[in-house]
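Inspection log for the structure reproduced underneath, given as structure tokens.
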Amino acid sequence: MNLTAESHRVPLSDGNSIPLLGLGTYADPQKTPKGSCLESVKIAIDTGYRHIDGAFVYYNEHEVGQAIREKIAEGRIKREDIFYCGKLWNTCHPPELVRPTLEKTLKILQLDYVDLYIIELPMAFKPGDAIYPKDENGKFIYHETDLCATWEVECHPYFTQSKLLEFCRQHDIVIVGYSPLGTSRDETWVNVSSPPLLKDPVLNAIGKKYNKTAAQVALRFSIQRGVVVIPKSFNPQRIRENFQIFDFSLTEKEMKEIEALNKNVRYVELLMWRDHPEYPFSDEY
Ligand code: A2P
């Protein structure tokens with residue numbers, strides 16, 4: 001597959017296609033200044049990103065929508081150039097809530113459609129206004145759901161998912177690998193006992209050969225395997241850096257070396273919800 005900055009979409013079974021590289025937009029709302037998401041999405045679009053990954057629960061979806069609309073108004077892109085993925089939050093799993101929740105997202109974005117709408121997590125919470133509903137003892141209030149676990153696909157050199165990837169290849173399913181750089185290492189939701197991915201000596205040594213960073217090598221590794229990546233950055237230099245992965249390629253030997261880094265350990269374990277009956281990460285994929 002010849003991947004270029006202008007052309008790095010992979011086909012989907014329904015006739016649509018998805019760009020292999022997207023911008024992730026989750027940042028801790030408490031610590032992130034208002035407007036950073038807006039600016040970052042605009043920089044990303046100017047850089048050449050055509051895939052943006054967002055969610056209602058990130059509290060910045062309105063900024064994503066505004067950035068896309070501003071770039072359309074400027075004439076830089078058309079709506080159909082952009083692939084936007086939104087997400088259904090845990091409190092909205094009952095089937096009758098799905099459509100109104102999507103409509104709310106479209107209203108927040110002020111866009112007519114999203115390109116992909118996925119279940120954020122396969123663990124339902126009690127429907128209602130509280131996004132993280134808790135009882136008087138501070139315990140999360142869960143909800144029964146019969147939705148299949150369709151989501152649990154972290155993917156990067158320390159969690160390569162070879163078995164799942166092979167299954168998906170055989171069935172023409174495209175994987176979107178979240179946390180492709182090993183996350184922000186925020187201790188409130190990340191398993192920080194797994195070492196930082198971007199400090200890995202092998203990724204750094206390979207990067208040196210190509211004059212690339214460990215992040216660029218990790219991203220290139222994923223897209224070369226056909227795994228869509230959505231690295232999050234709100235830093236202009238790193239947004240651009242993460243897009244500079246179409247001007248080099250890894251040899252088969254290097255791909256194997258990186259695959260051998262697999263530790264089978266997730267960064268995103270979400271242990272605070274491990275007592276949920278649908279907690280997905282105890283199963284093997
Ligand atoms: P920042 O937004 O300041 O760039 P992931 O996508 O795996 O969840 O990783 C996101 C984290 O990695 C964020 O903390 C982001 O911070 C940081 N990050 C993004 N791009 C790079 C890069 N090229 N080099 C180092 N860190 C990066």
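Structure notes:
- Across the stretch 245-257, the qualifying residues are those that are of a type outside the set (D, E) and open to solvent by less than 40 Å² (accessible area, probe 1.4 Å), and the one among them that is farthest from the ligand (Cβ to nearest atom) is M255.
- N242 of a type in the set (S, T, N, Q) and buried (at least 22 other Cβ atoms within 10 Å of the Cβ): yes
- Tally of residues being assigned to a loop (DSSP other than H, G, I, E, B) and surrounded by 12 or more Cβ atoms within 10 Å (Cβ to Cβ) across the stretch 258-276: 10
- Criterion: open to solvent by less than 70 Å² (accessible area, probe 1.4 Å) and assigned to a strand (DSSP E or B) - qualifying residue of G177, G182: G177
- Extreme residue, nearest to the chain's Cα centre (by Cα), among residues of the stretch 157-183 that are within 13 Å of the ligand (Cβ to nearest atom) and closer than 19 Å to L121 by Cα: Y178
- Boolean, D14 is acidic (D, E), in a loop (DSSP other than H, G, I, E, B) and within 19 Å of I118 (Cβ to Cβ): yes
- Flag for K104 being assigned to a loop (DSSP other than H, G, I, E, B) and surrounded by fewer than 22 Cβ atoms within 10 Å (Cβ to Cβ): no
- If you go through the stretch 186-211 and keep only what is buried (at least 21 other Cβ atoms within 10 Å of the Cβ) and either β-branched (V, I, T) or more than 9 Å from the ligand (Cβ to nearest atom) (or both), you end up with L203, I206.
- Which numbered condition G226 fails, given (1) part of a helix (DSSP H, G or I); (2) in contact (Cβ under 8 Å) with a residue 60 or more places away in the chain: (1)
- Unmet criterion (only one of (1) in contact with a Leu (Cβ under 9 Å, 6 or more places away or on another chain); (2) more than 22 Å from L102 (Cβ to Cβ)) for P33: (1)
- Residues located in the stretch 219-244, provided they are farther than 24 Å from E259 by Cβ and either within 6 Å of the ligand (Cβ to nearest atom) or among the hydroxyl-bearing types (S, T, Y) (or both): S233, F234, N235, R238
- Scanning the stretch 1-33 for residues that are touching a helix residue (DSSP H, G or I) at 6+ places or on another chain (Cβ under 8 Å), open to solvent by 40 Å² or more (accessible area, probe 1.4 Å) and away from the ligand (no atom under 11 Å from the Cβ) gives a single hit, P29.
The values are calculated or read from the model by the stated rules, or taken from the named source; none is laboratory data. Everything quoted here is computed from the prediction, not taken from an experiment. Please note: Cβ atoms are built from the backbone with ideal geometry, for glycine as well, and neighbour counts cover all protein chains shown. To get the accessible areas, we keep the full protein, side chains included, count just its heavy atoms, and leave off ligands, DNA and RNA. Shrake-Rupley method; radii C 1.70, N 1.55, O 1.52, S 1.80 Å.
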